[in-house]
Amino acid sequence: MRRLRWILLVLVLLVVGGVVAAALLVRPDLVDTRDQVDATWAPLRAPLATRYEALGDVATGLTAAGAGDRAATVDLIAELERWRAFALRGPKHTDPGAEAATADDLEALARRARANVGASARLTADPAIAAAFAAFDQAVVAPATVKAYNRAVRAYEHAREGTIKALVARALGYDARPVLVLGT
């Protein structure tokens, strides 16, 4: 019985030591790569804000044209509000992971709204909607900036890959970051 307690104690100490060692070895790479993702996200904020301001005009145009009750418009308005809530926090109080996810959602909703407009002769003929989409399309984010961000995300996700790394990342709160997919 005494021998069993010693064996259990040694096993527990080995497991705890292994967890601590894994955290100490994996954490620095996670910190560095996540900081790089955050640093490459910062220059995207202003051009994306301009882009989504124009997308807000699309939502306003859709609502004014009588398409405000369509799911695509309702979802677009809700996601734009979420983006604006992030913008109101200012650059010092940001959550780049949530902002990137919201940006991806907005891009998908813009494609849905465009498909809805294209399927409706009435909406296609509306000059306010056409002008709003034109402004949205002209609010281009520099492709090099997007590529730099996406490269940093891939490096961060690589740092999170593997069983032990994934466990450490999850335990320490290093959540996944989405790549940014912009479309026109």
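Assess whether residue 98 counts as being at pLDDT 95 or above, out of contact with any strand residue (DSSP E or B) (no Cβ under 6 Å at 6 or more places or on another chain) and assigned to a helix (DSSP H, G or I).
Judged against the criteria, residue 98 is not a match.
Can you pull out every residue in region 170-184 that is surrounded by 16 or more Cβ atoms within 10 Å (Cβ to Cβ) and closer than 13 Å to residue 37 by Cβ?
Of everything in region 170-184, those that are surrounded by 16 or more Cβ atoms within 10 Å (Cβ to Cβ) and closer than 13 Å to residue 37 by Cβ turn out to be 174, 177, 178, 180.
What number of residues within region 148-175 are closer than 20 Å to residue 43 by Cα and among the small types (Gly, Ala, Ser)?
Qualifying residue count for the region: 3.
Return only the number of the condition from (1) more than 16 Å from residue 132 (Cα to Cα); (2) modelled with pLDDT of 95 or more; (3) among the hydrophobic types (A, V, I, L, M, F, W, C) that residue 80 does not satisfy.
(1)
Please pick out the residue among 39, 23, 103, 87 that is under 30 Å from residue 168 (Cβ atoms) and modelled with pLDDT under 90.
After applying the criteria, what remains is 23.
Could you please give the count of residues in region 125-145 that are under 30 Å from residue 36 (Cβ atoms), among the hydrophobic types (A, V, I, L, M, F, W, C) and surrounded by 12 or more Cβ atoms within 10 Å (Cβ to Cβ)?
4
Test residue 111 against the stated conditions and say whether it is of a type in the set (Lys, Arg), in contact (Cβ under 8 Å) with a residue 60 or more places away in the chain and farther than 18 Å from residue 50 by Cβ.
Here the answer is yes, as residue 111 does meet what is asked.
Hey, does region 85-94 have a residue that's closer than 21 Å to residue 131 by Cα and aromatic (Phe, Trp, Tyr)?
no
From 114, 122, which residue is surrounded by 18 or more Cβ atoms within 10 Å (Cβ to Cβ) and basic (Lys, Arg)?
On the way: 122 fails: surrounded by 18 or more Cβ atoms within 10 Å (Cβ to Cβ).
114 is the lone residue from the list that is surrounded by 18 or more Cβ atoms within 10 Å (Cβ to Cβ) and basic (Lys, Arg).
The values are calculated or read from the model by the stated rules, or taken from the named source; none is laboratory data. This structure is a prediction, so every number in the text was calculated from the model and none was measured. All Cβ positions, even for glycine, are placed from backbone atoms using ideal geometry, and neighbour counts span all protein chains on display.
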